[in-house]
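Participant: Quick one: the structure is below, questions incoming.
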Amino acid sequence: MKILFADKFPGSGLSTIREMGYECDYQPELTAESLPDAIAGNQILVVRSTQVTLETIEASDVLAMVIRAGAGTNTIDKGAAAQRGIYVSNVPGKNALAVAELAIGLILAIDRNIPDNVADLRAEVWNKSKWSKTEGIHGRTLGIIGLGDIGIAVAERAAAFGMELVSIQRSGRDKLTMRRIEDLDVQLVPDVHQLAEMSDVVTLHVPYNEETHHLIDATFLAHMKPGAVLINTSRGEVVDEPALLAAMDDKGIRAGLDVFWNEPKDGSGTFTSALAQHPNTYGTHHIGASTEQAQRAIADGVIDILTAFARGRALNAVNLANDSLSAATVTIRHYDKVGVLAEVLGVLRRADLNVEQMDNTIFDGARAAVATIHIAGDVPTDLGDRLNDLDNVIYAAVRRSQ
């Protein structure tokens, strides 16, 4: 199987993948524009920041999976991939510590004016009287929007500095996350506007989607304290940049930003941004996940996905249907013999039933197995009887969807 790497990838990870028997085509210089010409003949594509466009998907011939070596997948046309039956998988959580460290670094840099101190020293200027005027972060309130792996990692580090923590109350959090929230003494409030009013610093750790587009808008910024700090290490599109610029000028908001909505897609180049050049901004170059530790962990995650895929599983696939359209689920205990499942599928085909998803598991000893099949269509009342009449079927049950 051939894998195209269209971004930089750790050499140790490449060596491991080659030892697994994969043919690796390493072309980290590829761009969104040149990728369509390079994709043919590759079953798997691995990317970090390189965009995977509709043109790349259409130019592929044998592509079966796109792996995002990181968490966010907004640079991949997941809809086009789904239409072609191509998995899109990601590696979530592996860069959490690296991003959290940068977020804390930006908070400290802003509080102590570290970049400006450095700039003055390099310009042969000594100005202790100016740069010694700072508040400190102990006892100040940090509002965290997004309490996933990164948000929790930020909370743990901020708590060690003695900051008070506040986040948003929402349903659906698992018990482990709630226990960590309680252990860190995070105060949960009903909405982002109350969080903004309480916080000296607000840090963003959310994915980019329709719900989070311009989450930080003029209304949110109006609720922030004068002189408060906004940290964004998630995605540039989460922030309404003109609104943030206005808040900087009107009420002294300061920002530590690792991401910008119009940042270059390539690793180097020119970048003109009123926000990046504003004196109230301390900016970095979308480097949140770019530590050697994080990249090694992400490489291990890519290897896990490749291992699972070789065994027939799509690990961390993000473009599968969330809600099944199946009319019924068929569970079939059967002897593990050649042709049994072919006969089962033949029964379903003659009943004009479409198989949406199927899984077959073999029991210890390899004499029996159980198949679970999700089907769509008009399920006949005697489907179970038809399946139970097959040779080598131990028992078949049909459970209709509610």
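The values are calculated or read from the model by the stated rules, or taken from the named source; none is laboratory data. Predicted model, so just to flag it, every value in this text is computed and none were measured. When we count neighbours, we look across all protein chains shown, and the Cβ atoms used for this are built from the backbone with ideal geometry, even at glycine.
Participant: Out of the residues in the stretch 54-78 that are part of a loop (DSSP other than H, G, I, E, B) and among the small types (Gly, Ala, Ser), which is surrounded by the most Cβ atoms within 10 Å (Cβ to Cβ)? Explain how you work it out, then say what you get.
Facilitator: Taking the stretch 54-78 and keeping what is part of a loop (DSSP other than H, G, I, E, B), we get 60-64, 69-75, 77.
Subsequent filtering for residues that are among the small types (Gly, Ala, Ser) retains 60, 64, 69-72.
Values: Ser60: 23, Ala64: 16, Ala69: 25, Gly70: 23, Ala71: 23, Gly72: 16.
Ranking the candidates gives Ala69 first.
Participant: A follow-up question, please. Scan the stretch 383-401 and tell me whether some residue there is of a type outside the set (A, V, I, L, M), within 39 Å of the chain's Cα centre (by Cα), under 26 Å from Gln83 (Cβ atoms) and surrounded by fewer than 15 Cβ atoms within 10 Å (Cβ to Cβ). I'd like the intermediate steps shown before the answer.
Facilitator: So the first thing to find is which residues in the stretch 383-401 are of a type outside the set (A, V, I, L, M), and the list is 384-386, 388-389, 391-392, 395, 399-401.
Narrowing further to those that are within 39 Å of the chain's Cα centre (by Cα): 399-401.
Then keep just the ones that are under 26 Å from Gln83 (Cβ atoms); that gives 401.
Next cut, surrounded by fewer than 15 Cβ atoms within 10 Å (Cβ to Cβ) only: 401.
Yes, that holds for at least one residue.
Participant: Failed condition for Thr281, given (1) assigned by TED's automatic domain parsing to the domain that holds Leu14; (2) crowded, with 19+ Cβ neighbours inside 10 Å, with all others met?
Facilitator: Against the list (1) assigned by TED's automatic domain parsing to the domain that holds Leu14; (2) crowded, with 19+ Cβ neighbours inside 10 Å, Thr281 comes up short only on (1).
Participant: With the structure loaded, tell me whether Ala314 is small (Gly, Ala, Ser), within 30 Å of Tyr395 (Cβ to Cβ) and either in contact (Cβ under 8 Å) with a residue 60 or more places away in the chain or surrounded by 18 or more Cβ atoms within 10 Å (Cβ to Cβ) (or both) or whether it fails that test. So that I can check it myself, show each step before the final result.
Facilitator: Details: small (Gly, Ala, Ser): yes; within 30 Å of Tyr395 (Cβ to Cβ): yes; either in contact (Cβ under 8 Å) with a residue 60 or more places away in the chain or surrounded by 18 or more Cβ atoms within 10 Å (Cβ to Cβ) (or both): yes.
Yes; evaluated as a whole, the condition is true for this residue.
Participant: Also, quick follow-up: Search the stretch 8-43 for residues being part of a helix (DSSP H, G or I) and within 15 Å of Leu63 (Cβ to Cβ), and hand back the single one that is nearest to the chain's Cα centre (by Cα). Give the steps one after another, and end with the answer.
Facilitator: So in the stretch 8-43, the residues part of a helix (DSSP H, G or I) come out as 11-19, 35-38.
Then keep just the ones that are within 15 Å of Leu63 (Cβ to Cβ); that gives 35-38.
Working: Leu35: 22, Pro36: 24, Asp37: 27, Ala38: 25 Å.
Filtering the stretch 8-43 for residues that are part of a helix (DSSP H, G or I) and within 15 Å of Leu63 (Cβ to Cβ), the one nearest to the chain's Cα centre (by Cα) comes out as Leu35.
Participant: Let me ask another. Out of all the residues in the stretch 179-189, is one or more part of a helix (DSSP H, G or I), out of contact with any Cys (no Cβ under 8 Å at 6 or more places or on another chain), surrounded by 15 or more Cβ atoms within 10 Å (Cβ to Cβ) and touching a residue at least 24 places away in the same chain (Cβ under 8 Å)?
Facilitator: Going residue by residue through the stretch 179-189, those that are part of a helix (DSSP H, G or I) are 179-183.
Filter once more, so that each one left must be out of contact with any Cys (no Cβ under 8 Å at 6 or more places or on another chain): 179-183.
Filter again for surrounded by 15 or more Cβ atoms within 10 Å (Cβ to Cβ), leaving 180-181.
Cutting the leftovers down to touching a residue at least 24 places away in the same chain (Cβ under 8 Å) gives us 180-181.
Yes, the stretch 179-189 has at least one match.
Participant: Additional query: Select from the stretch 348-379 the residues that are surrounded by 14 or more Cβ atoms within 10 Å (Cβ to Cβ) and in a loop (DSSP other than H, G, I, E, B) and list them in ascending order.
Facilitator: Across the stretch 348-379, the qualifying residues are Ala351, Leu353, Gly377, Val379.
Participant: Can you work out which of the residues in the stretch 79-100 that are over 11 Å from the mean Cα position of the chain (by Cα) and surrounded by fewer than 17 Cβ atoms within 10 Å (Cβ to Cβ) is nearest to Gly236 (Cα to Cα)?
Facilitator: Gly79
Participant: Additional query: Could you run through the stretch 248-268 and say how many residues are over 18 Å from His213 (Cβ atoms) and either touching an Asp or Glu at 6+ places or on another chain (Cβ under 7 Å) or not assigned by TED's automatic domain parsing to the domain that holds Ile231 (or both)?
Facilitator: Of the residues in that region, 0 qualify.
Participant: Return the residue satisfying two criteria in turn: it lies in the stretch 111-157 and is small (Gly, Ala, Ser) and assigned to a loop (DSSP other than H, G, I, E, B), and of such residues it is surrounded by the fewest Cβ atoms within 10 Å (Cβ to Cβ).
Facilitator: That would be Ala123.
Participant: While we're on this one: So how many residues does the stretch 43-69 have that are under 17 Å from Leu306 (Cβ atoms), of a type outside the set (A, V, I, L, M) and either modelled with pLDDT of 95 or more or in contact with a Ser or Thr (Cβ under 8 Å, 6 or more places away or on another chain) (or both)? Walk me through how you get there before you give the answer.
Facilitator: Kept after step one, since they are under 17 Å from Leu306 (Cβ atoms), are these residues of the stretch 43-69: 43-48, 62-69.
Still in the running and of a type outside the set (A, V, I, L, M): 43, 48, 68.
Filter again for either modelled with pLDDT of 95 or more or in contact with a Ser or Thr (Cβ under 8 Å, 6 or more places away or on another chain) (or both), leaving 43, 68.
Residues that pass the stated criteria total 2.
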